[in-house]
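Note sheet for the following structure.
No lab work stands behind these numbers, since they all come straight from the coordinates. In this text the structure is predicted, and so the values were computed from the model without any measurement. In this analysis, Cβ positions are derived from the backbone assuming ideal geometry, glycine residues included, and neighbour counts consider all displayed protein chains.
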Amino acid sequence: MVPDPSKTALGLEYFVQEGDDLWSMADADLVTLGREECARLGLARAETVVDGCVVRMPKAYPVYDGEYKAALDTIRAWLAQLGNLQLVGRNGQHRYNNQDHSMVTAIYAAQNIAGARHDIWDVNVEAEYHEEVRQPEGDAAASGASGDRAVPASLTREGEFAREVRAAFARYDPVALGAAVGTLLGVGLFLATSLLLVRGGNPPGPNLALLGEYFVGFEVTWTGALLGMLEAGLGGFAFGWLLARTINGVVGWHEAVFLNNVEMSRLMEP
């Protein structure tokens with residue numbers, strides 16, 4: 001890679017975060033640091049280093065999360081419309097390839113430009129590497145991305161343990177609770193109004209008639225009884241639905257805290 005056969009190129013890779021001390025260090029200081037560390041490691045004598053250059057590569061390592069495959073498939077489908085585009089390497093494919101695999105993708109891309117028909121996305125699946133998890137062919141074919149990593153799942157959020165925890169933290173059905181409360185209030189008000197009308201009196205049910213302040217059109221009449229039943233039923237349904245959603249939110253929060261504590265305890269185990 002160096003035109004002078006009496007010299008060679010040595011690449012040093014430093015793991016940094018954008019903005020930290022190493023990232024912000026001047027190029028000359030970084031070259032000096034590399035020269036001194038090569039000498040301490042016994043790789044080369046400091047005085048034999050002729051020159052150096054610095055390349056800062058932001059976001060060099062793809063991050064895998066639970067949704068990365070779906071997002072990657074969306075991007076790949078759109079980019080596939082560009083017939084003259086070749087995607088290579090870690091950043092080009094959002095894939096933490098080994099160095100040799102990244103180089104092979106670049107070679108295949110160059111050959112494709114020259115007329116070959118390599119599938120660059122099949123690189124990184126031929127050989128077994130310790131950091132690679134190969135999927136069954138059916139799953140890989142279904143995802144449209146052979147060679148992609150399987151994302152580790154939380155031990156406490158999947159499987160039998162998680163199902164037992166969720167069963168213990170049972171949820172309310174908002175529609176069912178809303179229907180139950182609405183039915184109770186609506187039918188209850190209708191029956192109470194009907195009872196006063198059947199028993200009669202002059203005037204019938206003056207105290208119950210005060211509900212007309214809250215239910216539009218309600219009065220102790222048969223028409224008012226029907227209107228009251230409808231309004232009380234709807235109001236009861238809304239109240240029950242909101243109550244169930246509120247309870248479920250609190251229960252869900254407690255469940256998440258419990259699972260997180262269990263997971264952290266497992267991580268701390270020797």
Query raised in the report: Which far-off residues, 5 or more places away or on another chain, put their amide H under 5 Å from the one on Tyr172, with H placed in the peptide plane?
Result: Asn248
Requested in this report: With a bin width of 10 angstrom, please list the P(r) values of region 159-255 as percents of all Cα-Cα pairs, from the 0 bin to the one holding the largest distance.
Outcome: 17, 33, 21, 15, 10, 4, 0
Query raised in the report: Any idea how far apart Arg166 and Tyr214 come out in nm if each label point goes 7 Å out from Cα toward Cβ?
Result: 3.8
Query raised in the report: Do any trypsin sites (Lys or Arg not before Pro) in region 49-111 lie in a loop, going by DSSP, with at most 10 other beta-carbon atoms within 10 Å of their beta carbon, and if so which?
Result: Lys59
Query raised in the report: Measuring from centroid to centroid over Cα atoms, what is the spacing of region 207-233 and region 47-80 in Å?
Result: 67
Report summary line: Expected unfolding gain across Val49-Met25 under the 0.36 nm per residue rule, minus the alpha-carbon gap, is 6.7 nm
Query - Residues of region 79-120 with amide N under 16 Å of a point placed 7 Å along Cα→Cβ from Ala71 - result: 91-96
Report summary line: With x for Gly and Pro, the residue-by-residue ³J(HN,Hα) of region 56-72, computed from phi through the Karplus equation 6.51 cos²θ - 1.76 cosθ + 1.60 at θ = phi - 60° and given in whole Hz, is 9, 10, x, 6, 6, 10, x, 10, 9, 10, x, 10, 5, 5, 5, 5, 5
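Once you sort the root eigenvalues of the Cα gyration tensor of region 11-58 as a ≥ b ≥ c, which label holds: rounded (a/c under 1.5), prolate (a/b larger than b/c) or oblate (the other case)?
Prolate shape, in that a/c is at least 1.5 and a/b is the bigger ratio.
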